[in-house]
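Shown next, in structure tokens, is the structure this report addresses.
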Amino acid sequence: MGTDITKKVGRPIGSTDLKMEQLYQTALRVFGDRGFEATTLTEIALEAGITRSSINYHFGSKMELWKRTIDYLTNQFINEFHSNQKFHKDLDDISLLRVVIRQMVHFWAKDNGFGRMAYREMNQPGERADYFIENMMYPLVNLTKDVFGRLRKQGVIKKFDKQYQLSIILGMVSYIFANSYMFEKMHGVNTQDEALIDEHADAVIDIFFNGIRMSQ
């Protein structure tokens with residue numbers, strides 16, 4: 001990611017400056033702000049500083065660009081997860097999960113359009129929701145499937161059904177960022193503040209592993 005697209009014969013004027021990572025980040029922000037139906041390739045091209053014909057040339061349609069944007073995000077998270085494993089290979093499973101949950105908090109906290117896109121698309125059945133689930137949600141869930149399986153087998157964590165485990169983690173991780181305006185209005189906080197993001201990650205990890213009730 002981040003490299004120039006290989007030059008092809010007959011490519012449109014303006015496409016030589018096209019960088020994939022820059023385009024995906026722009027598409028993510030515009031899709032998140034406007035929604036898929038209201039977004040046009042012309043708007044994305046203007047935001048990215050490229051020609052509309054360049055996008056048509058490399059992707060062919062708005063749906064294809066949307067799908068490749070989802071793939072870009074998924075690969076970002078998976079690559080970071082594998083880096084966590086590489087650089088934290090001496091951690092036990094619980095400690096590795098703490099690292100992954102913190103990664104999830106920072107992933108959702110980015111004001112890049114992902115959260116708005118996810119909530120908009122996942123609430124109604126259709127081709128985009130199905131693609132989102134198949135190509136992002138399943139791969140991300142599968143990253144920690146073996147870890148959770150080992151911990152359940154060892155009796156280290158409670159045997160919640162998988163859907164409840166997923167909803168609990170995603171709910172705690174994402175809610176504050178998916179409703180950032182409400183939190184900023186009610187509590188006078190900036191949900192993009194790094195200190196707040198880290199504090200939120202600490203709270204999610206503590207509640208998930210230790211519960212909310214004080215020890216007696």
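The values are calculated or read from the model by the stated rules, or taken from the named source; none is laboratory data. None of these values were measured; they are calculated from a predicted model. Please note: Cβ atoms are built from the backbone with ideal geometry, for glycine as well, and neighbour counts cover all protein chains shown.
With respect to the stated conditions, ARG102 is charged (D, E, K, R), surrounded by 15 or more Cβ atoms within 10 Å (Cβ to Cβ), in contact (Cβ under 8 Å) with a residue 12 or more places away in the chain and over 23 Å from GLU64 (Cα atoms).
Taken over segment 111-127, the criterion of being in contact (Cβ under 8 Å) with a residue 60 or more places away in the chain, part of a helix (DSSP H, G or I) and either over 10 Å from the mean Cα position of the chain (by Cα) or surrounded by fewer than 16 Cβ atoms within 10 Å (Cβ to Cβ) (or both) is satisfied by ARG116, ARG120, GLU121, GLU127. When both residues are 6+ apart or on different chains and their Cβ atoms are under 8 Å apart, which pairs have a first residue that lies in segment 192-203 and is touching a residue at least 24 places away in the same chain (Cβ under 8 Å), and a second that is outside any helix (DSSP H, G or I) and surrounded by 14 or more Cβ atoms within 10 Å (Cβ to Cβ)? Note: pairs meeting the criteria are ILE197/THR191.
Can we say SER95 is within 20 Å of LEU166 (Cα to Cα), among the small types (Gly, Ala, Ser) and either more than 13 Å from the chain's Cα centre (by Cα) or not in a helix (DSSP H, G or I) (or both)? For SER95, the condition - within 20 Å of LEU166 (Cα to Cα), among the small types (Gly, Ala, Ser) and either more than 13 Å from the chain's Cα centre (by Cα) or not in a helix (DSSP H, G or I) (or both) - is met.
What about VAL204, is it in contact with a helix residue (DSSP H, G or I) (Cβ under 7 Å, 6 or more places away or on another chain), of a type in the set (Val, Ile, Thr), modelled with pLDDT of 90 or more and outside any loop (DSSP other than H, G, I, E, B)? Here the answer is yes, as VAL204 does meet what is asked.
Whenever a residue of segment 38-60 is among the basic types (Lys, Arg), its partners that are buried (at least 18 other Cβ atoms within 10 Å of the Cβ), lying with C-beta atoms within less than 9 angstrom and at least six residues away or across chains, give the pairs ARG52/LEU41; ARG52/ILE44; ARG52/ALA45. Kindly indicate whether any position in segment 141-155 is small (Gly, Ala, Ser) and over 30 Å from ASP33 (Cα atoms). Checked segment 141-155: at least one residue is small (Gly, Ala, Ser) and over 30 Å from ASP33 (Cα atoms).
Quick grid of which residues meet (1) surrounded by fewer than 17 Cβ atoms within 10 Å (Cβ to Cβ); (2) out of contact with any Ser or Thr (no Cβ under 7 Å at 6 or more places or on another chain); (3) at pLDDT 90 or above; (4) in a loop (DSSP other than H, G, I, E, B):
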| position | (1), (2), (3), (4) |
| --- | --- |
| PHE132 | no, yes, yes, no |
| ASN135 | yes, no, yes, no |
| PRO139 | yes, no, yes, no |
| GLY149 | yes, yes, no, no |
| ARG152 | yes, yes, no, no |
| LYS159 | yes, yes, no, yes |
| TYR164 | yes, yes, no, no |
| SER167 | yes, yes, no, no |
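Taken over segment 31-83, the criterion of being within 25 Å of MET122 (Cβ to Cβ), assigned to a helix (DSSP H, G or I) and of a type in the set (S, T, N, Q) is satisfied by THR69, THR74, ASN75, GLN76, ASN79. If you check ASN79, ASN75 for being on the phi < 0 side of the Ramachandran plot and in contact (Cβ under 8 Å) with a residue 60 or more places away in the chain, only one passes: ASN75.
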